[in-house]
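Below is one structure; the comments refer to it alone.
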Amino acid sequence: MISKEAHSLFLNGDEAVAHGVRLCRPHVISAYPITPQTITVERLADFVADGDLDTEYLYVESEHSAMAAALGAAYTGARPFTATSSQGLLYMCEMLHYVSGARLPIVMMNACRSTAAPWNIFGDQRDSLSQRDSGWIQIYCENGQEALDTIIQAYRLAEHPEVYTPVMVCIDGFVNTHTYELVEIPAQEQVDAFLPPLDSRHKVDFANPHGFSVSVNPNYHTEFRIQQQQAILKAAELAAPIDAAYKEKVGRSWGGMVEEYRMDDAESCIVAMGSAVGTIRETVDELRAAGRKVGLVKVRYFRPFPKDYFAALSGKVKAIGVLNKEISFGYEGSLTTEVKAALCGRGPVAVCGYHAGLGGRDISRDTIRAVYASLDRLLAGEDVNDPNYIDARW
């Protein structure tokens with residue numbers, strides 16, 4: 001039996017997510033395995049078998065069915081959880097829109113992984129970013145500890161009366177999912193004090209019948225979409241307060257929508273999401289020791305996007321390098337586009353997008369040094385030679 005007191009365990013990222021889910025006391029888990037997410041649902045099955053988790057564990061026949069089962073569970077007033085990755089997330093695509101449009105507070109973990117073809121089981125962020133407009137809140141984690149804590153915060157956010165929107169917690173495949181580290185696990189009573197039982201307002205109620213997933217003609221469709229937009233914008237306002245409330249109960253904070261590192265006097269910075277942030281942070285320390293004024297901006301929330309933060313960043317730094325672990329084909333990286341849009345018309349700052357880590361290629365300190373060196377050349381007025389594919393092997 002797992003201790004209900006606060007303790008630490010040596011876990012990989014998938015296992016850390018499973019412990020976070022266990023602490024949230026879900027009523028239903030709809031499970032379908034796919035690399036590199038499988039360990040999460042396996043550990044949850046272990047918790048059920050060992051009596052550490054009282055839930056209805058459904059082993060369904062596909063990822064589409066996993067999300068459909070979670071939707072059905074949410075309609076009964078239950079707190080569901082599911083997880084997927086890559087092609088599995090794409091197979092869920094139809095149901096993602098049903099869930100968000102129906103305003104169901106489901107939490108899902110996505111183990112970020114490249115999509116086919118060419119077939120690749122390793123981690124980049126092409127799968128989750130392809131679902132940018134599905135109406136789900138998206139949060140990206142740096143490591144297993146953040147993933148555990150974010151799962152718990154995600155339920156508090158999704159179930160907030162002014163949000164009622166599903167949340168996708170994203171961790172990078174293999175780099176996060178299969179890397180072991182010491183993870184601090186909160187006490188059950190700490191999580192219970194932070195996350196109250198779900199009292200769903202979107203559930204079947206025979207005393208107060210109403211419709212779900214209704215058909216809407218053009219006269220009302222816009223109003224439904226505006227409500228979705230307002231809910232996700234409200235989530236942007238709640239991210240920092242929820243993180244602060246978590247710190248009060250558990251003792252850890254992740255900074256809300258973004259986290260800065262050594263940005264007070266930075267002249268150039270890298271903007272990134274996910275596991276690459278750790279390597280960037282170490283490289284920033286190395287370059288700072290050599291007298292370089294460099295910094296890091298870690299984006300946690302891709303949807304809602306922290307546009308106000310980036311608007312305020314204009315004029316504080318001279319150059320921004322945006323590190324993308326995907327390509328929006330025909331243009332640039334999705335994160336680059338969002339940063340540029342937030343900065344548009346705000347002042348003189350050079351923004352350059354870079355692609356790295358595609359298909360699981362290692363993002364090393366050499367990769368990060370090359371980005372900062374490219375930004376130095378950009379500030380010096382030089383032509384930057386093909387900066388986008390910083391680690392390509394032509």
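Within region 115-168, take every residue that is hydrophobic (A, V, I, L, M, F, W, C) and assigned to a loop (DSSP other than H, G, I, E, B) and give me the one that is surrounded by the fewest Cβ atoms within 10 Å (Cβ to Cβ). Here the residue is A117. Determine whether region 83-104 contains at least one residue that is within 24 Å of D243 (Cα to Cα), in contact with a Pro (Cβ under 9 Å, 6 or more places away or on another chain) and hydroxyl-bearing (S, T, Y). Within region 83-104, one or more residues are within 24 Å of D243 (Cα to Cα), in contact with a Pro (Cβ under 9 Å, 6 or more places away or on another chain) and hydroxyl-bearing (S, T, Y). When region 349-367 is filtered for residues that are closer than 24 Å to A311 by Cα and either touching a residue at least 60 places away in the same chain (Cβ under 8 Å) or in contact with a Ser or Thr (Cβ under 6 Å, 6 or more places away or on another chain) (or both), the ones remaining, listed by number, are V349, G353. Hey, could you check region 31-64 for residues that are within 20 Å of the chain's Cα centre (by Cα) and of a type in the set (S, T, N, Q) and say which is surrounded by the most Cβ atoms within 10 Å (Cβ to Cβ)? For region 31-64, the residue satisfying everything is T40. Is one or more of the residues making up region 73-82 modelled with pLDDT of 95 or more, crowded, with 22+ Cβ neighbours inside 10 Å, hydrophobic (A, V, I, L, M, F, W, C) and in contact with a helix residue (DSSP H, G or I) (Cβ under 6 Å, 6 or more places away or on another chain)? Within region 73-82 (the criterion being modelled with pLDDT of 95 or more, crowded, with 22+ Cβ neighbours inside 10 Å, hydrophobic (A, V, I, L, M, F, W, C) and in contact with a helix residue (DSSP H, G or I) (Cβ under 6 Å, 6 or more places away or on another chain)), the answer is yes, since at least one residue qualifies.
Every listed requirement among (1) buried (at least 17 other Cβ atoms within 10 Å of the Cβ); (2) assigned to a loop (DSSP other than H, G, I, E, B) is met by V216 save one, (1).
For K307, the stated conditions hold: it is under 22 Å from R346 (Cα atoms), of a type in the set (K, R) and not assigned by TED's automatic domain parsing to the domain that holds Q131. So which residues in region 177-186 are more than 17 Å from R252 (Cβ to Cβ) and either free of Cβ contacts under 8 Å to residues at least 12 places away in the same chain or part of a loop (DSSP other than H, G, I, E, B) (or both), if there are any at all? Matches in region 177-186: T177, H178, T179. State whether one or more residues within region 232-254 are within 20 Å of M168 (Cα to Cα), of a type in the set (S, T, N, Q) and assigned to a loop (DSSP other than H, G, I, E, B). Yes, region 232-254 contains a residue that is within 20 Å of M168 (Cα to Cα), of a type in the set (S, T, N, Q) and assigned to a loop (DSSP other than H, G, I, E, B).
Criterion first (modelled with pLDDT under 95, touching a strand residue (DSSP E or B) at 6+ places or on another chain (Cβ under 8 Å) and under 25 Å from T279 (Cα atoms)) does G123 satisfy it? It is true that G123 is modelled with pLDDT under 95, touching a strand residue (DSSP E or B) at 6+ places or on another chain (Cβ under 8 Å) and under 25 Å from T279 (Cα atoms). Among residues that are farther than 27 Å from P196 by Cβ and among the charged types (D, E, K, R), E5 is not included. Could we say that G315 is at pLDDT below 95 and under 18 Å from the mean Cα position of the chain (by Cα) here? Considered against the rule, which asks whether it is at pLDDT below 95 and under 18 Å from the mean Cα position of the chain (by Cα), G315 comes out as no.
Kindly provide the set of residues from region 1-25 that are part of a loop (DSSP other than H, G, I, E, B) and either surrounded by 24 or more Cβ atoms within 10 Å (Cβ to Cβ) or not aliphatic (A, V, I, L, M) (or both), ordered by number.
S3, K4, E5, C24, R25
May I ask you to list the residues in region 309-334 that are in contact (Cβ under 8 Å) with a residue 60 or more places away in the chain and either among the aromatic types (F, W, Y) or assigned to a helix (DSSP H, G or I) (or both)? Scanning region 309-334 gives a single hit, S334. Could you please let me know if I29 is more than 30 Å from Q227 (Cβ to Cβ) and in the same structural domain as G211 (by TED's automatic domain parsing)? So I29 fails the test.
The values are calculated or read from the model by the stated rules, or taken from the named source; none is laboratory data. Just so it is clear, the model here is predicted, and its values are computed rather than measured. In this analysis, Cβ positions are derived from the backbone assuming ideal geometry, glycine residues included, and neighbour counts consider all displayed protein chains.
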